[in-house]
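Undergrad: Have a look at the structure that comes next, please.
Throughout, read-outs are computed from the coordinates displayed, never taken from laboratory work. Only a predicted model underlies this, so the values are computations on that prediction, with no experimental measurement involved. All Cβ positions, even for glycine, are placed from backbone atoms using ideal geometry, and neighbour counts span all protein chains on display.
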Amino acid sequence: MRTCDMFCRVIDNYGDAGVSWRLAQMLAKEYDWAVRLIIDDAAVLSAIVPTAKAEVAPVKAGSVTVCDWIEDGSDVPFRPWDGQAADVVIELFSCRLPDAYEAAIARRFETSPCAVFALDYLTAEKYAEEGNGLPSPHPRYGYDKTFLFPGFSEKTCGINRERNLQQIFNPARKESVRKRLFAEFGADPEHPFTLYFFTYPEMPVEGFAQCLAQDPRPVQVLAAPGAASARLKRALESLEAPHICFVQASMVAQDVFDDVLLSCDAALIRGEDSVLRAQLAGIPMIWTLYPQQEDTHLTKLAAFASLYTQALPQTARQAWLEIEDYVNNGPVHEHVWKNWRDRIEELQAGATVWQKTLFSLPTLAESISKLAEKKLKF
Ligand code: TRH
């Protein structure tokens, strides 16, 4: 049995916890590892995985134990801890391991190897291929930490997805799941076009409401909880557009989130984990990126766009690029929503091709397990 300790710091929102939980689950369930997820804000994780609560319990093969990351200046970063480093250690998103734990890794290296990884964010940028698998020696102890860059090619460590994804996003489930979920939300399961809406408050929400209103085709907006959705609701109310139906969705558990995406016809979606799930669900999507200083998110978007749009005819590509530019960057393009919707069939065909590409990529858990076995041999 392999033991694995994953360290995660919640910067904001749900993405850090969401990505960590998914990966922890896959390492445990698909590789039978005993995983401890040490997280500094377990309440955020519980909001999307109600069954995941921090506990002081021994870790078992094939399961994940969530531990509170203790930062009280003592030498105990979580409980119970026997002072030993696990076989595999994963530092998520540059969260920096606790000093006492780094010392434990160094002690372990004196007698046996340890696979230490630093997991970065998912990106289509070139540096993911260049940096994936590179070692970096610890400045004090000298042991190697290996960088893991998720991405969209074989040269990266792949994407954070389950092996059995085809079952989760099986189109044959769509109708029954949609009926059940939409009934819970008070949405119309027979509506011809439902857009799932989950984005950041930085998005030009009021302008987007106007875009929706300009297009006479009916749309049902199923909105995730949050400030952006609340603003969209207000903006739509003031526009009095009877062809737009706004439905407030509740916060659902992470596995149900997949079903929500499967049920919808398209998604305006954010983040890293959410947008990946929308792509895996095979639905047309508009991606609002986590806004970053110096507009680095626009570079990230451009790299992704160069891959994602490959399966789209020129007109659909243009429509997708323009709506992306609008929601992430603000310049007003005439009728972005209308143009995008005009191309929905091509966008759907492109989303299906892209979904197949994603299913053929290595999974993050698979890459980590292979690399870990190599590192643990020496
Ligand atoms: O919530 P996010 O936008 O957050 C993160 C952080 O801000 C992080 O610092 C940043 O680096 C990163 O984004 C890019 O990320 P995302 O991908 O939208 O994650 C949301 C998670 O919440 C995802 O796992 C899906 C889940 N979720 C549910 O389980 N149920 C729900 O009802 C909703 C709306 C989301």
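Undergrad: Pick from Thr199, Thr315, Thr296: which residue has the top mean-square fluctuation in a GNM of the chain where Cα pairs under 10 Å get a spring?
TA: Thr296
Undergrad: Provide the net charge surrounding Asp68, with neighbours chosen by a C-beta distance below 14 Å and charges set as Lys +1, Arg +1, Asp -1, Glu -1. Present the calculation step by step, with values, prior to reporting the outcome.
TA: Details: positive: Arg9, Arg36, Lys53, Arg79; negative: Asp5, Asp40, Asp41, Glu55, Glu71, Asp72.
Net charge around Asp68: -2.
Undergrad: In percent, how large is the relative contact order of the chain, given Cα pairs closer than 8 Å and 6 or more residues apart? Could the numbers behind the result be given before it?
TA: Details: 709 pairs, mean separation 57.5, N = 378.
Across the chain, relative contact order equals 15 percent.
Undergrad: Oh, and also: Does anyone have the angle between helix 227-239 and the longest principal axis of the chain? Alpha-carbon axes, 0 to 90°, nearest 10?
TA: That helix lies at roughly 0 degrees to the long axis.
Undergrad: Still on this structure: Is the shape of region 289-330 best called rounded, prolate or oblate, per the rule: a/c under 1.5 gives rounded, else a/b larger than b/c gives prolate, else oblate, with a ≥ b ≥ c the square roots of the Cα gyration tensor eigenvalues? Could you put the intermediate results ahead of the total?
TA: Working: a/c = 3.61, a/b = 1.76, b/c = 2.05.
Oblate shape, in that a/c is at least 1.5 and b/c is the bigger or equal ratio.
Undergrad: One quarter of the convex hull surface, Cα atoms only: what value does that give for region 209-339 in nm²?
TA: With the hull built on Cα positions only, its mean projection is 8.3 nm².
Undergrad: Related question: Fewest to most neighbouring Cβ within 10 Å: what's the order for Thr357, Thr51? Could the numbers behind the result be given before it?
TA: On the way: Thr357 15, Thr51 7.
Neighbour counts put them in this order, fewest first: Thr51, Thr357.
Undergrad: How large is ³J(HN,Hα), in whole Hz, for each residue of region 206-218 in order, when computed from phi with the Karplus curve 6.51 cos²θ - 1.76 cosθ + 1.60 and θ = phi - 60°, using x for Gly and Pro?
TA: 5, x, 5, 4, 5, 4, 4, 5, 5, 9, x, 5, x
Undergrad: ³J(HN,Hα) across region 31-48 via Karplus (A = 6.51, B = -1.76, C = 1.60, θ = phi - 60°), whole Hz, x for Gly/Pro?
TA: Once θ is set to phi - 60°, the couplings for region 31-48 become 10, 6, 7, 9, 10, 10, 9, 9, 10, 7, 9, 5, 5, 5, 4, 4, 5, 9 Hz.
Undergrad: Please check: in the Gaussian network model of the chain (C-alpha springs, under 10 Å), which one of Glu366, Glu175, Glu202 has the largest mean-square fluctuation.
TA: Between Glu366, Glu175, Glu202, it is Glu175 that shows the largest mean-square fluctuation.
Undergrad: Please go through the residue pairs Lys179/Lys300; Lys155/Lys377; Lys53/Lys233; Lys60/Lys356; Lys300/Lys377 and name each one whose alpha carbons sit more than 29 Å apart in this structure. Before the final figure, lay out each step's value.
TA: Numbers: Lys179/Lys300 36 Å; Lys155/Lys377 22 Å; Lys53/Lys233 33 Å; Lys60/Lys356 34 Å; Lys300/Lys377 36 Å.
Too far apart for the 29 Å limit: Lys179/Lys300; Lys53/Lys233; Lys60/Lys356; Lys300/Lys377.
Undergrad: With a 10 Å cut-off between alpha carbons and a GNM built on the chain, which of Leu298, Leu122, Leu92 moves the most?
TA: Largest GNM mean-square fluctuation: Leu298.
Undergrad: State whether the chain is rounded, prolate or oblate according to the following rule on the C-alpha gyration tensor (a ≥ b ≥ c being the square roots of its eigenvalues): a/c under 1.5 gives rounded; otherwise a/b larger than b/c gives prolate, and the remaining case gives oblate.
TA: prolate
Undergrad: Distance between Cα centroids, region 155-186 to region 121-135: provide it in whole Å.
TA: 28
Undergrad: Would you kindly derive the ³J(HN,Hα) couplings of region 90-106 from the backbone phi angles with the Karplus curve 6.51 cos²θ - 1.76 cosθ + 1.60 (θ = phi - 60°), listing them in order in whole Hz, with x for Gly and Pro?
TA: 10, 9, 8, 6, 6, 6, 6, 5, x, 3, 4, 6, 4, 5, 5, 4, 4
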